[in-house]
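Asker: Below you will find the structure I want to go over with you.
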Amino acid sequence: MDYDRLLNLSMEMGYRLLESGAEIYRVEESIRRLLQAYGLATGEVFAIPNCIIASLVTPEGQVLTRVRRMPSHGTDIEQLERCNDLCRRLCVERPPLDEAERRMDDLLASRRYYSFPAQLLAYFVGAAAFVPFFGGTWRDALCGGLCGVAIGLCLTFLSRLGTNLFFKTVAGGTVSGLLALGLRVVGLGQNVDFITIGALMILVPGVLFTNAMRDIMAGDMMAGISKAAEALLIGMAIALGTGVSLWLARLLWGGAV
Amino acid sequence: MELIQTYLPPCLYAFVACVGFSVLFNIHGLGILICAVGGALGWLVYLAAAPVFHSDLLQSFAAAVFISAYSEIMARIRKCPVTAYLLVAFFPLVPGGGIYYAMEHAINGETDLFLNVLFHTLGLAGSLAVGVLLVSSLVRLINSYLYRRHRKRKGA
């Protein structure tokens, strides 16, 4: 058995799981189980949100270790489900390494994503539906959808420039806040607060927050605390972005809006 | 009839919003429906708990417990990670309004109101967290109990 390849395979699995937003215990357990399935009880894994370290001792007594650094990433449930499924299957069926590697490659090659227009539509629908949910009218919902699209464009554009999450969120909050005020001045929107809140739901760190809680409960304090800190930081970024747009509006219209 | 009018529209909005958000998290097929139904039912629990608890902190807690349990069950049925359903179905409960109103008070210089809203928002986030923690630790407990029993039987 080629233990280098086995380590690489399980590392790739862990990396893809972490990349798609899995909890830390899932990443660690998947790597450990894969190593165990191929007959290595000596595999050790340590993962935090931006790094995985895996180490094993071969039956000949040789020590193999690998470290992978994780850049910042989003959430991709489709990839998470499929990697999890593949990991389960590999652990049960234990195919030869060639076949296991091929299946991993196939999985990565056949990933599906929604097209950019479809994603913009999703931003529109998500933000628009939250406006009447919080008490806005139908016209507000339309404005909220437009603000959602503006946030989506803003996030996509800034991600391409490689901006960090904090700045992206501040920018998104400011843009949507200003757009909501603009639509109110034009006369399309009726309640600036409901429009802004609906659009802000896109930026709110609900995902990070729930994941942080699950990590803390699983005993991964490092991961949980770093995610919770990130969620808090994003919450502050949203407040800052909204604050900037409200403050600018006060300056321009003198509190009339 | 009156009941339908108070309960149906908000749940419907939550449903549609969750459909939008599941696309953003790259969920395909049946998963979208499960997430959206989870979001709508979670909000229904939140609304239905109002006459019992008279406190939105407890209502959030009840809805969080419901959604976590729902996600655990759905994840067992479809054999996929719990996170998938939990993330999206939670969105309607996230206190997004609190952040905005707190900031509005801060800009207006109303420090009392600002602190009031801020702590209330943090409280809501906290009660969501406690709900999720409670269910996921209970599930862990049950799982390890079942696993141990399974191993004992195998050994005997």
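Asker: Roughly how large is the A-B contact in terms of buried accessible area, totalled over both chains, probe 1.4 Å, nearest 100 Å²?
Answerer: Summing both chains' loss of accessible area gives about 4500 Å².
Asker: Direction-averaged shadow area of the convex hull around the Cα atoms of segment A:59-183, nm²?
Answerer: Working: hull surface 47.8 nm².
Approximately 12.0 nm², given one-decimal rounding.
Asker: Tell me the angle of helix B:56-78 to the major Cα principal axis of chain B, expressed in degrees between 0 and 90 and rounded to the nearest ten.
Answerer: 30 degrees
Asker: Placing unit charges on C-beta atoms (Lys and Arg positive, Asp and Glu negative, everything else neutral), compute the dipole magnitude of segment A:176-257 about its Cα centre in debye, rounded to 20.
Answerer: Values: 4 positive and 4 negative charges, 48 e Å.
The calculation lands at about 220 debye.
Asker: Can you quote the Å³ per residue value for the convex hull of the Cα atoms in segment A:116-253, rounded to an integer? Please list the in-between numbers first.
Answerer: Details: hull volume 15.5 nm³, N = 138.
Spread over its residues, the Cα hull of segment A:116-253 gives 112 Å³ apiece.
Asker: Take every DSSP beta bridge with both residues inside the protein assembly as shown and express the antiparallel ones as a percent of the total, to the nearest 5.
Answerer: That works out to approximately 100 percent antiparallel.
Asker: What does the charge count near B:I142 come to, summing +1 for each Lys or Arg and -1 for each Asp or Glu among other residues with Cβ under 13 Å from its Cβ?
Answerer: +3
Asker: Here's something else I'd like to know. Report the FRET efficiency, 1/(1 + (r/R0)^6), for A:D105 and B:R153, where r is their Cβ-Cβ distance and R0 is 56 Å, rounded to 0.05.
Answerer: So the FRET efficiency works out to roughly 0.90.
Asker: Also, quick follow-up: Would you work out what percent of the accessible area of the protein assembly as shown, with all protein chains in place, is carbon or sulfur (probe 1.4 Å)?
Answerer: Details: 12480 of 19330 Å².
Within the protein assembly as shown, the accessible surface is 65 percent carbon and sulfur.
Asker: Which FRET efficiency, nearest 0.05, do B:T111 and A:R89 yield, Cβ-Cβ r, R0 51 Å?
Answerer: 0.30
Asker: Please report the projected area of segment A:3-109's Cα convex hull averaged over all directions, in nm².
Answerer: 6.1 nm²
Asker: Turning to a different aspect of this structure: Please enumerate, by chain and number, the lysines with C-alpha under 29 Å from the C-alpha of B:K152, excluding those fewer than 8 residues away in the same chain.
Answerer: Reachable lysines: B:K79.
Asker: Roughly how many whole Å is it from the C-alpha centroid of segment B:49-113 to that of segment A:201-236?
Answerer: 14 Å
Asker: Give me the distance in nm between label points sitting 7 Å out from Cα along the Cα-to-Cβ direction at A:F167 and B:L47, one decimal.
Answerer: Distance between the two pseudo-spin positions: 4.3 nm.
Asker: Excluding ligands and nucleic acids, what accessible area in Å² is computed for A:D2 using a 1.4 Å probe, to the nearest 10?
Answerer: Number for this one is 70 Å².
Asker: Starting from one equal scatterer on each C-alpha and no solvent at all, send me the Debye-based log10 I(q)/I(0) for segment B:2-155 at q = 0.09, 0.11, 0.15, 0.18 Å⁻¹, two decimals.
Answerer: Rounded to two decimals, the profile gives -0.36, -0.52, -0.86, -1.09.
Asker: Additional query: In a Debye calculation with equal point scatterers on the alpha-carbon sites of the protein assembly as shown and no solvent, what is log10 I(q)/I(0) at q = 0.08, 0.11, 0.15 Å⁻¹?
Answerer: For the requested q values the scattering log ratios are -0.47, -0.84, -1.42.
Asker: While we're here: Dipole of segment A:1-133 (Lys/Arg Cβ +1, Asp/Glu Cβ -1, origin at the Cα centre): which of A:S55, A:L107, A:P71 lies farthest to the positive side?
Answerer: Final value for the positive-end residue is A:P71.
Asker: How large is the direction-averaged shadow of the alpha-carbon convex hull of segment A:39-102, in nm²? All intermediate terms of the calculation are to be shown ahead of the outcome.
Answerer: On the way: hull surface 22.3 nm².
Projected over every direction and averaged, the Cα hull of segment A:39-102 covers 5.6 nm².
Asker: On to the next question. Just checking the output field for A:128-140: average partner chain Cβ neighbours within 10 Å of each residue's Cβ?
Answerer: 4
The values are calculated or read from the model by the stated rules, or taken from the named source; none is laboratory data. Everything quoted here is computed from the prediction, not taken from an experiment. Ideal geometry is used to build each Cβ from the backbone, glycine not excepted, and the neighbour counts take in all protein chains shown. Accessible surface areas use protein heavy atoms only, side chains included; no ligands, DNA or RNA. Shrake-Rupley method; radii C 1.70, N 1.55, O 1.52, S 1.80 Å.
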